[in-house]
Each structure stands twice: as C-alpha cells, then as structure tokens.
Amino acid sequence: MEYLLSSEEAAGFIHLPETGSTNRDLLERAKDQSLPEFFVISTDFQTQGRGRLDRSWEAEPGSSVMASILLRPKFQDSSRIGWLPLVAALAISETLEAFGITSKVKWPNDVLIGEKKVSGILAEASEDLSFVVIGFGINVSQPVSKLPVENATSLLVATGSYPSRDQILKGVISNLKKLYLALAESTESIRDLAISASATIGSKVKVVFPEGREVIGQATDIDAAGRLLVLTATETLTVSAGDVLHLRSL
Ligand code: BT5
C-alpha cells in the first residue's frame, strides 16, 4: 500500500512491509542527530510489537496503522515531556473525529470507542531526553475474530467502515504537529483538551502502580503536568505512571 499523503506530511518517511517494532527501529535510527523531528516509520506487520511494561501489541498483517514518530523536544520546562502520550492520544482522537468517529482518551495512553480500545500509544525517550519516539497502533480493519483481546475494537467493528490507513496516518501526523506546537506554547490549552476528551475523569477507577500497589478511587482531574488526580476514601493521589482500569459505578 502507498503512503503518499503520510509521506508528504512527515519530515521523512519509511514504510516497512514487516519489522520487529517500529519504536525499536526509530529509537535506533534517532541516534543519528540529522534525523529530523517528525521522521516517521510505519509498518504493515510487527513481529515484536511493544506495549508498555513489557506487554505486547498484536495486529494481523495489513489490519492497522502502526507507526512511530520522532520528536526532539526543546521545551523550556522538561516536565512537559510527560504530556506527550496524552497529546498523541488527543491527536489520534481528533483524527478519528474528522472521519466522524467519536472516541475518548483513557489516561494515560489509550483511545477508546465506547469502552473498547481502538488505539494504544507507547512513548519512549532516550536516556538524556533529547529525543522521544511516539509509537501507536490503531486497529482499522480487523473483524472481531482477529482482535487480540476482549476489550479491543477496530474501526471496522465499531463503525462498519474505515478510511485508508494512509488517510488516518496523515491525520495523526498533522494533528500531532499542531498539538505539539500548542504544548510548547503552554500546557493550559492542552490540559483543557485532555480533560474534555477524557473517558477517565469522572470515572471510578482502579489504579495499578508500576510496583504493583492497587488503589480504588474517583478520577477527578488532570493536573498541570498531565498527571491524573484520584480521590480515594482518605486522600487525593497524584498518579504519574500506572495502569488505570475504569470500574462501573455500583
Ligand atoms: C499500549 O501498551 O497500548 C501501547 C501500544 C503501542 C503499539 C505501537 S505499534 C507501533 C509502535 N511500535 C511498537 O513496538 N509499539 C508501538 P499497553 O497500554 O501496555 O497495552 C498493551 C495491552 O493492550 C496488551 O497487553 C493487550 O492486552 C492489549 N492489546 C494488544 N494488542 C492490542 C490491539 N491490537 N488492540 C487493542 N488492545 C491490544
């Protein structure tokens, strides 16, 4: 498949029929300082697609958008890097909206249609934070039988049709450019967008922290650094990393 629209939108573009992981590929190539921001690697199929915390991302060949975008953030305040997964989720959600598909962002890195995951984001930074690779998978044309987990959906399953993968990827690159510029200006407008697009704020949630501790509470807000605030029976927790499960209110 041709990626003409996406390659025009990107600062450089490689499409691989198959690879291990586009994030791994781009992290390696980005060590070359001449590789510009918004250089993009996309693929039809990954044999070692990565999720967070050593989890995997699974998608049948040709069924999804799977790509990684290079950023070299020079924010005055380096804590803004923490916003990037959410900013990417917003870029994906806005892209789907332009095709008439309503989605919500689940903090910190998923895009949901209804309650099901259509897209996941994996942002990985170099040790010195000089570059960040934003990787994402968007399920496009999988029928239910080819989705890897029960809470996954695809554009086909959710809406009965789908735009081309090139149109979707072009939209994501373009929206990410716009939102990345807005983030460099100020976090305030991004925070407003993140709150209004959030499926998490207002939900009862279980937070599973990276070290395994679990807490149940009400997600109430996203703070100026992009962290989730969760009100428990005894305190308000500020969550910067972890998994969030949306619980049904009893
Ligand atoms: C993510 O991790 O959701 C980040 C996924 C990022 C994938 C992209 S593809 C291009 C780039 N190159 C890479 O190697 N990775 C990025 P996490 O929040 O940890 O969620 C992972 C979990 O989502 C898995 O454990 C499964 O439960 C579920 N999952 C796996 N494949 C899925 C799919 N196609 N659709 C929905 N859920 C999926």
Counting each DSSP H run of 4 or more residues in the chain as -39500 (n - 2.57), what helix-only mean residue ellipticity at 222 nm follows after dividing by all residues, to the nearest 500 deg cm²/dmol? -8000 deg cm²/dmol
Express the relative contact order of the chain as a whole percentage, based on alpha carbon pairs under 8 Å and six or more residues apart in sequence. 17 percent
Enumerate the calculated ³J(HN,Hα) couplings along the range 174-188 in order (Karplus 6.51 cos²θ - 1.76 cosθ + 1.60, θ = phi - 60°), each rounded to whole Hz, writing x wherever the residue is Gly or Pro. 5, 5, 5, 4, 5, 6, 5, 5, 4, 5, 5, 6, 6, 7, 5
Reachable lysines from Lys116, Cα under 18 Å, same-chain residues fewer than 8 places away excluded? Lys104, Lys106, Lys146, Lys204, Lys206
Normalised Cα Rg of the range 42-191, dividing by 2.2 N^0.38 Å with N its residue count, works out at 1.01
With a 1.4 Å probe and every protein chain kept in, tell me what percent of the accessible surface of the range 27-80 is carbon plus sulfur. 46 percent
Give the distance, in whole Å, between the Cα centre of the range 30-86 and the Cα centre of the range 94-130. 12 Å
Using DSSP to call loops (not H, G, I, E or B), can you name the GluC sites (Glu not before Pro) in the range 172-234 whose Cβ has at most 13 other Cβ atoms within 10 angstrom? Glu211
In nm, to one decimal, how far is the Glu185 label point from the Ala11 one, both placed 7 Å along Cα→Cβ? 2.0 nm
Using only the alpha-carbon atoms of the range 26-77 as identical scatterers, what base-10 log of I(q)/I(0) does the Debye formula give at q = 0.12, 0.13, 0.28, 0.30 Å⁻¹? -0.36, -0.42, -1.09, -1.13
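The values are calculated or read from the model by the stated rules, or taken from the named source; none is laboratory data. Please read these numbers as outputs of a predicted model, since none were measured by experiment. Glycine also receives a Cβ, built like all others from the backbone with ideal geometry; neighbour counts cover every protein chain displayed. Note: accessible area is taken over every heavy atom of the protein model, side chains too, but ligands, DNA and RNA are not part of it. Shrake-Rupley method; radii C 1.70, N 1.55, O 1.52, S 1.80 Å.
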